1. Which far-off residues, 5 or more places away or on another chain, put their amide H under 5 Å from the one on ILE75, with H placed in the peptide plane?
2. Search the structure for amide H atoms under 5 Å from the amide H of LYS81, placed 1.01 Å from N in the peptide plane, and list their residues when 5 or more places away or on another chain.
3. In nm, to one decimal, how far is the modelled label at ALA84 from the one at PHE148, with both set 7 Å along Cα→Cβ?
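No value in this document is a laboratory result; all are computed from the given coordinates. Just so it is clear, the structure is predicted and the values come from calculations on it, not from any experiment. Glycine also receives a Cβ, built like all others from the backbone with ideal geometry; neighbour counts cover every protein chain displayed.
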Amino acid sequence: MEKLAEAENSLLYSFYKDEIIIAKENSYKPPHLRGGFERKILFLTNGEGVPFFIPEIETMFQRMISNLQSNENEIGILNLKSNAVSFSQLKKMFQPQTIIFCGVKTADVGLQIEAKKNHIIQMNDCKILLADSFAELYKSDSKKKEIFPYLKKIFSL
């Protein structure tokens, strides 16, 4: 009789545990995206103060998108450090045409591809560019010069 009660309790616990997990999945909040994202260009980062960069990186970023004849209304920035999402979730939620991985590995979003840094690859209906982090770009003029031609292609300049 005791064993039957334990089995029932175990089954009951399993049922409620599953219900709690389902409730958690249904209460999922979409990640916070900085920017207007009008051109469907998404920058992924692993921190660095996003949604607001430290002042030096903010200035560099604003100059960079200005030199690309763009503004923050046209792009989106997502901090993966506070918003863990998969590639399929990114595609489903935002439908980006371009994703720029700034110091982020493709594996961080569950994408298993081999790609060189600073080269654009086409993956179905999405362009992908692997780049250095914003902090690395801020520290190195040569890294900014390396990536800029590829950013110009993405921004159609």
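1. For ILE75, the qualifying residues are GLY36, PHE37, GLU38, ARG39.
2. Under 5 Å from the amide H of LYS81 lie the amide H atoms of GLY47, each far enough along the sequence or on another chain.
3. 3.8 nm
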